[in-house]
Amino acid sequence: MKKFVKVCTTVLAMILAMSLMGCTIKNTHKENDFIEGDTNENAPIQLTVATHLDSQEQSLMNSWIRAYKDVNKDVGIRISQTLIGMDDLDTMKVAKTLPDIVWTTGDAHQLYSEKGFFRDLSDKNMFEGTDEFFGGMYESLVRTTHYNNFENGKWFVPRDYNRLTIIYNKTLFELMGIDLPQDGWTWEQFMDTCQKLQSDPNKSGYKCAKAISWGNWAPIHLTMMKNFGARYVDEEGYFALDDEKGEAVYDWSKNFEKTYSTPDLDGTSFTSWNPTRKKAGTGMFLKQYAGLGSCVRAADANQWEVDAVSFPQYTAADNGKGYVGAGCSGYAITTACTDETKIKAAWEFLKFCMSREGYDAVASVGILCPALQSMADEGEWTNYSQGERKINYKAFVDKHTEDIDVNYAGVVAETAKQKVIVDAALKFWTNMGDQGFSTAVAAFKESYESQVKKRL
């Protein structure tokens, strides 16, 4: 063991000396960097865009804007608004400042899609090539573009494939003498790794307070519910969590959080460690590709290596290999964009963004796993690196488990009532540590049935 620690210390010293050179795409976008757009203000066609308030999101859009200018000189694009939440769209519409294109997410667009804020991109007459374009995307993402389970409109363009994946502290694993996890690992191997991270079986002197930053987050809850065969609501809209499968996933989740995880959604327990500290907050972080860039930047700052591995297989699931949630964010064309020439230009711009050329233009930011299935093993995003070492991109597109879309509220037809199930579900899981299943599920059921649908 002394020899192992000595070797690891040498390796760590090499890690600290690494430069960020040697790969096609490397971690070049730093936390406080801001990429300016090139608005092409003299172009005959001018489009406006609203992004999320986050500066990294704005840098991403500006990178696309700059790249698009190189292939289309007739279109100028600028960020005119930023969003904190989707309800900002209401304010913009009243003020008549709703842009031509707006950022949205697969689990937050529904109400606005149904209320007529966005254009239906499945309209073949207005949006040329729509079937082929969406046909190249992951089906789990396309399903999130509908505003409920009963209609087939496509109300925004998915921009990324955000499959739940585990990002882990490679340096800490090596220092502790724990085998590095491999894509396709089993649930038993995952649980064994959790136990080792907290117990230090090799007497390395390093130890984690909790194995993983798991988070109180809808996609995580939905993933484990599907693995256990539980569901919030059945196909007819009746409450269905109050059965033995619902109780099983609740009890498992409660025990797992108590024993191995911390509800650390932003991953601070994971990213704040540095190699001079023997005790780490967590050694793993359940996240998705959109969070990879920030993890790599934190690891660079604290001088350790990060890598990724697929979500483990829950072979007890009904498909024999387990499920994992896959969601996305994206961009919608608004109904405030009424000029036919501008509508066409907005569509062509979004198709460019979500093309091989568009994805390659923003790969160095490290927040987009392409929504195109054809790019699962292609494109500059696969070369994203920390120093000279490429991150295991395959973890984010791994097929040892089966995708599920995360728009679980779509089972409720009325989008105005979908928030009832979203809010009640969050409260149900948030109070998990304080309540038994029967008390928690009874409150959930009462909230849902009093506002949405009660079984006669």
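The values are calculated or read from the model by the stated rules, or taken from the named source; none is laboratory data. For clarity, every value in this text was computed on a predicted model and none was experimentally measured. Here the Cβ is made from the backbone with ideal geometry for all residues, glycine too, and neighbour counts use every protein chain on show. Surface areas here come from the heavy atoms of the whole protein model, side chains and all, with no ligands, DNA or RNA. Shrake-Rupley method; radii C 1.70, N 1.55, O 1.52, S 1.80 Å.
Projecting the Cα atoms of C353, N227, M284 onto the charge dipole of the chain (Cβ charges, centred on the Cα centre) puts M284 farthest toward the positive pole.
Across every direction, the projection of the convex hull enclosing the Cα atoms of region 58-101 has a mean area of 3.5 nm². For region 130-173, the Kirkwood estimate of hydrodynamic radius, built from reciprocal distances between every pair of different alpha carbons, is 12.7 Å. Put simply, the amide H of N392, placed in the peptide plane, has neighbours under 5 Å in A308, leaving out anything fewer than 5 places away on its chain.
Each label point was placed 7 Å from the Cα along the Cα-to-Cβ direction; for E357 and N216 their separation is 4.7 nm.
Multiply the residue gap between N383 and T439 by 0.36 nm, knock off their C-alpha separation, and tell me the result in nm, one decimal place.
Residue separation times 0.36 nm, minus the Cα-Cα distance, leaves 15.2 nm.
Both radii are taken from the alpha-carbon atoms of region 203-321; with Rh as the Kirkwood radius, Rg/Rh is 1.05. Ordering I343, N319, I333 by Cα displacement along the dipole of the chain toward the positive end leaves N319 in first place; charges were set at the Cβ atoms of Lys, Arg (+1) and Asp, Glu (-1).
Principal axis extents of the C-alpha atoms in region 340-408 (largest first, rounded to whole Å): 46, 35, 19. Estimated from helices alone, the mean residue ellipticity of the chain at 222 nm is -11000 deg cm²/dmol (sum of -39500 (n - 2.57) over DSSP H runs with n ≥ 4, per residue).
Taking only the alpha-carbon atoms of the chain, what semi-axes of the equivalent ellipsoid follow from 5 times the gyration tensor eigenvalues under a square root, in whole Å, largest first?
Square roots of five times the eigenvalues give 37, 31, 17 Å.
Under 5 Å from the amide H of G325 lie the amide H atoms of L164, T223, I404, each residue being 5 or more positions distant or on a separate chain, with H modelled from the backbone and absent for Pro and chain starts. The alpha-carbon atoms of region 272-342 define a convex hull whose volume equals 191 cubic angstrom per residue. Each of D266 and N431 was given a label point 7 Å from its Cα along the Cα-to-Cβ line. The distance between the two points is 2.7 nm. Counting 0.36 nm for each residue step from D192 to E36 and taking away their Cα separation leaves a gain of 51.5 nm. Taking the charge dipole of region 124-195 about its Cα centre, with +1 at Lys and Arg Cβ atoms and -1 at Asp and Glu Cβ atoms, the residue from M126, S140, P158 reaching farthest to the positive side is M126.
Summarising the strand pairing of the chain, around 55 percent of its internal DSSP beta bridges are antiparallel. Counting only Cα atoms, region 41-198 measures 61, 39, 32 Å along its principal axes, largest extent leading. Applying the Karplus relation 6.51 cos²θ - 1.76 cosθ + 1.60 with θ = phi - 60° to region 212-223 yields 3J(HN,Hα) values of 8, 7, 9, x, 8, 9, 3, x, 5, 4, 5, 4 Hz, where x marks Gly and Pro.
Starting from the Cα gyration tensor of region 234-393, take the square roots of the eigenvalues, sort them a ≥ b ≥ c, and report rounded, prolate or oblate (rounded when a/c is under 1.5, otherwise prolate if a/b is larger than b/c, else oblate). Cα axes put region 234-393 in the oblate bin.
Solvent-accessible surface of the chain, averaged per residue with a 1.4 angstrom probe and all protein chains in place: 42 square angstrom. A 20 angstrom limit on the alpha carbon distance is what I want to check against. Which of K203/K394; K124/K344; K321/K394; K124/K342 exceed it? Pairs exceeding 20 Å: K203/K394.
Of all accessible surface on the chain at a 1.4 Å probe, what whole percent is carbon and sulfur? The value for the chain is 49 percent carbon and sulfur by accessible area. Computed over region 393-456, the Cα gyration tensor eigenvalues convert (square root of 5λ each) into semi-axes of 28, 18, 10 Å, ordered from largest to smallest.
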